[in-house]
Amino acid sequence: LLPQAPSAMSAGEDAAWLRWVAKQFESIAGEDRQIHLEEFKAALKVKESFFAERLFALFDSDGSGTISLEELLSALSLLVHGSETDKLRFLFQVYDVDGEVGWGGSGVALSARRVPAGSGAIDPAELRLVLRACLRESAVSLPPPRLDDLARALFEAADKDGSGSITFEELRAELEAFPGVMENLSISAVSWLKPPPPPERSRRPRYLTVAYWHNHGSQLAFLGGYTSLNLLLFTLAALRHAGLGGWVAVARGCGQCLNFNCAFIAVLMLRRCLSWLRATPVAQVLPLDHSVGLHQLVGYVVLALGAVHTGAHVANFSRLARQDGHRALTEFLLTARPGGGGLGGTASQTGLALQGLLAAMLAFSSPCVRRGGHFEVFYWSHLSYVSVWALLLLHAPNFWKWFVVPGGLFMLEKAVGLVVSRAVGLRIVEVNLLPSKVTHLVVQRPRSFRFRPGDYVYLNVPAIAAYEWHPFTISSAPEQQGTIWLHVRARGQWTSRLHEYCRHPEVLQPRGNLQRARWWRWAKVSMGPGESHRLCSIKCYIDGPYGTPTRRIFTSEHAVLIGAGIGITPFASILQSIMYRYRLRKQSQDYKQCESLRGEDMTLRKVDFIWINRDQKHFEWFVSLLAKLELEQAEQEPGGEFLELHLYLTAALGKSDVRAVGLQLALDLLAAKEHKDSITGLRARTQPGRPDWSKARAGSGRPLRAGHQKKGKVQVFFCGSPALAKVIRAHCERFGFRFFKENF
């Protein structure tokens, strides 16, 4: 934002701000201590040169073609300390282009060496020109007729006297109809002039708040019990062997903890059992939603315990070698000997092999490997858990007692999964290639396949890789018969190869036996800009379904669903199922007259869906589905608010920005006139920028406000980037909402 200080700054604060602006000026000005147009553009980092040149011309008050420090300070002081009228006049001068504009090959060009005096009025051609630049600055693409509609809507609303032009007073009157716009008018591109924020006041750590324990209670209790059990096992084993020396006691203590952890990690891999437990009261006590995170934690604990266990034994062997005098340390480590522990005295050798395997698994499990396009390396290295367990049975004589139950369940799950997934060969019957390298797969649904909204499956496509299975959320509703949908975004090697295979099936032939060619055939149906639709028949297998935290949605009273980008995938299934059940409930009973109704399958009374996308084309993934849901609600309950959609386009500039205020006002006016959004075609208006989570309690249209608690306790469900999850989790704790993150 423009360096907006309070209008009543003290003399000291004003002097500090002026020194900051002078410092920033020196960082971009040339040797002549003047800011030239290209330097100004580079500092603003704007997408459209039109606004850079308009702002430069307004700052260059003497028309010299450069901006001096005095000119910069004069203009900024007016904008910061000036009245609403001063800011509005600045906006009017930006829009009052007149004859200063010429058309270039790639867009709009403006002679910035003259101060645009303007005619004192904005005509339709000027308004259309500025709106076109606003669209480019906000990364919004609309066809020319739609741009004409926007310009016409804004012009008709602002031209109060019908004179064919908009005067300054008419623009002021129009902006006054939109509260907050004039007060917050800014130039967000001039971020290099923003002083550093003051340090935040110290406050109570979030982990000491009631809301934090409300969201993390079961997880923290589980971690406390897990830590206590490990300490107890270590202490008991160390005390039993204390007479053999300190190093032996440490090694035995770690060894006993390793027996437990290497068996317990198998429990956290029982996906079918954990999915079944989600439907039981146990889910309220155990942190089943964090099974993946706990699996990673236990893996780190195993590696750390293994390192200490190995180090303690090496230290003990070193002591024995010095006492013996005839045998070297390497003989203790590399030679099997009677009484050396393990099967046939091979404890030292199997222990070193185990340590090497665990280190390799940890190294290849790092995020830079898994998310850096090398998922296959992680996948195949992780399969060495079979070797780890086999070596543990040879290394530790008592490990089998710990492993027999979880290991038996694990092998049973694997056997059932193998039989179920391979029993019926399925086919991908349709492929849709969507923007941003998203592949929409339509897969045959087995007759006995039962799943819940938000569940996921593991997919295997032999034509891509015969032995690789990858997890994807089911994006179709359980009520949809015959097929299931999967949306796959190309990020790693396997998903990228799948996308290319669907784009060019004639180029990427299936790997392996040529007989696999019968597994696929293609029929091109249609091609459109940025997408294609094909009928096909590709052999595939699925393993699942497996549950996720989103299963809790249907037992909520007020659910807030937040998806970022492709994170909408689980909510696509959930929203369809919600509206299906809502329709049945409306048909069976008048929900408006019995608002406290609790259905057997759904207790929901309110659903807010928030979808955050970086650019416009990402909305094309599910906009047709959202339009269908809006239509269903309008048919069932005209004017109903059971389901509210909140869409955000982060690349777009907000109403308070000089470069976008005209566009956003035009979009609001046209949406009110046509009852649909110009960007998505939905009834819900697409909001520019990011949601302001810090103000989520106040104001109309805020999905996380306290006033919505009249619909019941709020529970927030999120699917998207980990960085955004941390932000939303913190605000949920601040407001006292339960937070669940999709994670598998």
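Summary of values
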quantity	calculated
Tensor-based shape of region 343-435 (alpha-carbon gyration tensor, a/c under 1.5 rounded, otherwise prolate or oblate)	oblate
Heavy-atom accessible area per residue - region 213-417, 1.4 Å, Å²	52 Å²
Order by protection proxy (mean Cβ within 10 Å, highest first), peptides 55-65, 540-550	540-550, 55-65
Extended-chain gain in nm, criterion 0.36 nm per residue less alpha-carbon gap, Leu223 and Glu637	144.4 nm
Carbon + sulfur, % of accessible area of region 213-417 - ligands and nucleic acids excluded, 1.4 Å	72 percent
Efficiency of FRET between Lys628 and Thr280 - r from beta-carbon atoms, R0 41 angstrom, step 0.05	0.75
Pairwise FRET efficiency - Trp400 versus Trp380, Cβ, R0 = 25 Å, nearest 0.05	0.40
Region 213-417: relative contact order as a whole-number percent, Cα under 8 Å and 6+ apart	21 percent
Separation in nanometres of the label points that stand 7 Å from Cα toward Cβ, at Ser318 and Leu343	3.1 nm
Cα pair distances exceeding 24 angstrom across region 213-417, given as percent	48 percent
Radius 11 Å from Cβ of Ser163, net charge of other residues (Lys, Arg +1; Asp, Glu -1)	-3
Extension gain, Thr85 back to Ser496 (0.36 nm per residue minus Cα-Cα distance, nm)	142.6 nm
Entries in Lys437/Lys676; Lys87/Lys160; Lys414/Lys726; Lys628/Lys713; Lys676/Lys713 that, when Cα-Cα distance is taken, lie over 24 Å	Lys437/Lys676; Lys414/Lys726; Lys628/Lys713; Lys676/Lys713
Distance (nanometres) between label positions extended 7 Å along Cα→Cβ at Leu78 and Leu584	6.6 nm
Burial order of peptide ranges 446-453, 560-567, 31-38 (average beta-carbon count within 10 Å, highest first)	560-567, 446-453, 31-38
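The values are calculated or read from the model by the stated rules, or taken from the named source; none is laboratory data. For clarity, every value in this text was computed on a predicted model and none was experimentally measured. Heads up, the Cβs are rebuilt from the backbone with ideal geometry, glycines too, and the neighbour counts pull from every protein chain shown. Side chains included, ligands, DNA and RNA excluded: accessible areas come from the protein's heavy atoms. Shrake-Rupley method; radii C 1.70, N 1.55, O 1.52, S 1.80 Å.
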